[in-house]
Amino acid sequence: MEADFLIKILTMTEEWWKKFFGEGYIKEWEEAGMFRYTRREVNFLEKVIPLRKKDEILDLCCGHGRHAIELARRGYKVTGLDFSLYALGIARREAKRRNLIVSFVRGDARNFKFRKKFDVIINMFTAFGYGSREDDRKIIRNVSRSLRKEGKFFIDLQSLPWLWRNFKPVRRERVGKLRIVDKRTYDFLEGVVRSIRIVSDGTRKRISRTQTRSYTLAELENLLVEEGLKVVKFFGSYKGQPFGFNTKRMLVVAKKI
Ligand SMILES: C[S@@+](CC[C@H](N)C(=O)[O-])C[C@H]1O[C@@H](n2cnc3c(N)ncnc32)[C@H](O)[C@@H]1O
């Protein structure tokens, strides 16, 4: 009942993501093993974009820097941008510990500005679709402005056909000592999933609310083209499977035209 009520009062204007991606998120998702495929993901980026050693890369919405740091370890020049100070703190400490040079910058993906242009911009792990459609457009516009001509944009999103086929209003799981309950609704008009997540470790409960818009590939292509980019490749998984009804991710490589 509590969750149903909270889900209703979450509105489209709320910038929930400004507070959500802090300590609780990073610890829980780390414990759930969600970050364990970083190297495999970076192998995929190197192959499909494809990356060249001299490339200047921007990891947009880099979180605690797992891809940015792995890319720097492999010799690329990397900048990471995120809004979460907590996540950036972890990223900076980890880069320092490993003696790697990565510039981690606090900013908003809707309106960041760098003096230089990038060869490649990546946006990993569904770090898009958290606000209004206009917010999404601003992010894509900014990506386009910040890329060199012929530069590449890689975006890793949840697949909408997969989401529709597998949508469950309530999901319960146990991760280590954590009990996680997700209650979700799908807003067909807005194209967003609203979710309440209750995580308890036996003594403490953490309740968080999220909402994320998913796009069909055609809708995303439309948005990209309107902002001066164009899809050149797409896949359904980091194993390189073709995108289809049964693949979970929508991995898109677009080019600045
Ligand atoms: C799901 S996490 C992904 C983090 C990272 N890319 C990864 O793969 O671990 C989404 C990240 O996007 C960031 N974010 C979301 N909207 C943003 C915005 N408008 N500007 C800057 N950062 C944003 C959040 O702070 C969070 O760190």
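Values in this text are rule-based calculations from the coordinates and carry no lab data. Please read these numbers as outputs of a predicted model, since none were measured by experiment. Note that each Cβ is placed from the backbone with ideal geometry, even for glycine, and that neighbours are counted across all protein chains shown.
Side notes on the structure shown:
- Tail beyond 26 Å, pair distance distribution of the chain (Cα, percent): 40 percent
- Take the convex hull of the alpha carbons in the stretch 118-250; its mean projected area over all directions comes to 9.4 nm².
- Reach of Lys256 by Cα under 19 Å, taken over lysines that are not fewer than 8 positions away in the same chain: Lys47, Lys54, Lys113, Lys116, Lys117, Lys138, Lys149, Lys152, Lys230, Lys233
- Amide H within-cut-off set for Glu56, under 5 Å, with H built and near neighbours excluded: Asp119, Val120
- The length gained by stretching the chain between Val105 and Lys177 to full extension, at 0.36 nm per residue less their Cα-Cα distance, is 22.5 nm.
- Peptides 124-130, 76-82 ordered by packing proxy, namely the average of other Cβ atoms within 10 Å per residue, highest first: 76-82, 124-130.
- Rounded to the nearest 20 debye, dipole of the chain from Cβ charges on Lys, Arg, Asp, Glu: 880 debye
- Residues of the stretch 104-137 with amide N under 18 Å of the 7 Å Cα→Cβ point at Val225: 137
- Close amide H partners of Leu147, meaning residues 5 or more places away or on another chain with modelled amide H under 5 Å apart, are Phe118.
- Inter-label distance, Leu163 to Lys47: 2.7 nm, where each label sits 7 Å from its Cα along the C-beta direction.
- Centre-to-centre separation between the Cα atoms of the stretch 170-189 and those of the stretch 87-134: 28 Å.
- The chain - percent relative contact order, Cα under 8 Å, separation 6 or more: 18 percent
- Equivalent ellipsoid dimensions for the stretch 1-149 as semi-axes, Å, which come from the Cα gyration tensor, largest first: 27, 20, 14
- R0 of 51 Å, Cβ-Cβ distance Lys116-Ser200: FRET efficiency to nearest 0.05: 0.65
- Cα-based reach from Lys168 at 20 Å (exclusive), listing lysines while leaving out same-chain residues under 8 positions away: Lys8, Lys183, Lys248
- Working from label points 7 Å from Cα in the Cα-to-Cβ sense, the Glu150 to Leu85 distance is 4.2 nm.
- For His64, nonlocal amide neighbours, meaning residues 5 or more places apart or on other chains whose placed amide H falls under 5 Å from its own, do not occur.
- Calculated FRET value between Arg97 and Glu190, using beta carbons and R₀ = 30 Å, to 0.05: 0.10
- Angle between the chain longest axis and helix 38-48 axis [Cα atoms, degrees, rounded to 10]: 40 degrees
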